[in-house]
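Worksheet: one structure, shown below.
Throughout, read-outs are computed from the coordinates displayed, never taken from laboratory work. Keep in mind it's a predicted model, so treat the numbers as computed, not measured. Here the Cβ positions follow ideal geometry from the backbone for every residue, glycine too, while neighbour counts run over all protein chains shown.
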């Protein structure tokens, strides 16, 4: 009986979930809400699957936001500041098709997943892009945090 109760206690201990998150020390998560009207010429590329735009309007993200049409009326949005640098002169990423590139070290990130594509194998910690919430309706993509 002691063995069974010990096993149950061990299973309960192992089943407890650790809710701590590994926060990116370089980027602050600021609150904002932005609507991209797909009828406007600036955002009309988002009507095509795989097309992306960079929004650099003040108050939208830290250094702007990339929005990509991921297909089937699903959109993804990511912070435009490189997640592996404190925001500085070279950390605002540029858009190259479906890839965002940081000019500091030429880090590249997929706009479909936010994952770093050329992660160095040097044992250091590297972060993927900071993703924002999106919703689609009425011809507009809403991005918020």
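Details
- Here the relative contact order of segment 30-144, from alpha carbon pairs under 8 Å that lie six or more residues apart, stands at 25 percent.
- Rounded to the nearest 0.05, the FRET efficiency derived from the C-beta distance between residue 33 and residue 89 at R0 = 30 Å is 0.60.
- Mean-position separation - Cα centroids, segment 37-56 and segment 68-111, in angstrom: 15
- With a simple spin-label model that places each label point 7 Å from the Cα along the Cα-to-Cβ direction, the separation between residue 105 and residue 73 comes to 4.1 nm.
- Listed by Cβ neighbour count within 10 Å, with the fewest neighbours leading, 111, 40 appear as 40, 111.
- Order by protection proxy (mean Cβ within 10 Å, highest first), peptides 45-53, 75-83, 23-31: 75-83, 45-53, 23-31
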